[in-house]
Amino acid sequence: MAADPPRTNRVWTLPNVLSMLRLAGVPLFLWLVLGPEADVWALVVLMVSGVTDWLDGFLARRWDQVTLLGQVLDPVADRLYILAAVVGLAMRDVIPWWVAVSLPLRDVLMWGLVPLLRTRGYTALPVHFLGKAATFNLLYAFPLLFLGDGEGTVASLARVFGWAFAGWGIGLYWWAGLLYAWQVRKLLATTEPLRRAALDA
């Protein structure tokens, strides 16, 4: 059940630098959305983020540069972009606040499971396909919803497809979270807890 251990503890690898650049784009994206409302540039930032998201994982595996830092930065960047997008869309009244709240709420659930995993010697469980599919849908939904915040045929089509991706994304996001919680429950039931000295190490 445990994920494969990272092959290196290096920090300055190209995949890690790409992940850092993705993280640096989060406040830029949010400023573009809420400040000048430069939606075209905000969409460019989102698209660049999507490309680098695929590229850093591909290069890390291809060049044997999977690192502990990279395994942390990649999902953190995904979640911060999702959070920034839902906050921006909600503050622009493009989506209702219940949608904006539902996604971070799921991440709070995930963070709450980490201390339980640590009692069994785990820091995380393998990323499930459902979680990747949810992130894929959401990262397509947000640009379309931004495009749909306007008038005309293109905006109308973008709005329809954006909400379709958003609906699937939110559903899969929570489904993956509940599946993860179930896996943690099974792990707690079938694995002996670590001794206190091991937990404090």
Quiz item: Pulled fully out, how much extra length does the chain show between VAL114 and SER102, if you take 0.36 nm times their separation in residues and subtract their Cα-Cα distance?
Solution: 2.4 nm
Quiz item: How large is the helix-only mean residue ellipticity at 222 nm for the chain, computed as the sum of -39500 (n - 2.57) over DSSP H runs with n ≥ 4, divided by its residue count, in deg cm²/dmol to the nearest 500?
Solution: -26500 deg cm²/dmol
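What ranking of TYR173, TYR140 emerges when the number of other C-beta atoms within 10 Å of each C-beta is taken as an exposure proxy, fewest first? Please report the intermediate quantities before stating the final value.
Working: TYR173 22, TYR140 19.
So the residues, fewest neighbours to most, are TYR140, TYR173.
With r as the distance between the Cβ atoms of LEU179 and VAL44 and R0 = 45 Å, compute the FRET efficiency 1/(1 + (r/R0)^6) and round to 0.05.
Computed FRET efficiency for VAL44 and LEU179: 0.85.
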Quiz item: Between ALA189 and LYS132, what is the spin-label point distance in nm, taking each point 7 Å from the Cα along the Cα→C-beta axis?
Solution: 2.8 nm
Quiz item: Using the alpha-carbon centroid of each, what span in Å lies between segment 80-102 and segment 133-201?
Solution: 14 Å
Quiz item: Hey, what angle do you get for helix 97-118 against the long axis of the chain, alpha-carbon based, 0 to 90 degrees rounded to 10?
Solution: 10 degrees
Quiz item: At what distance in nm do the modelled label points of LEU34 and PHE161 sit from each other, each positioned 7 Å from its Cα along Cα→Cβ?
Solution: 2.9 nm
Quiz item: Which whole-number percent gives the relative contact order of segment 14-196, counting Cα pairs below 8 Å spaced six or more residues apart?
Solution: 22 percent
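Values in this text are rule-based calculations from the coordinates and carry no lab data. Because the structure is a prediction, the values reported are computed rather than measured. No Cβ is skipped: glycine too gets one built from the backbone with ideal geometry, and neighbour counts run over all protein chains shown.
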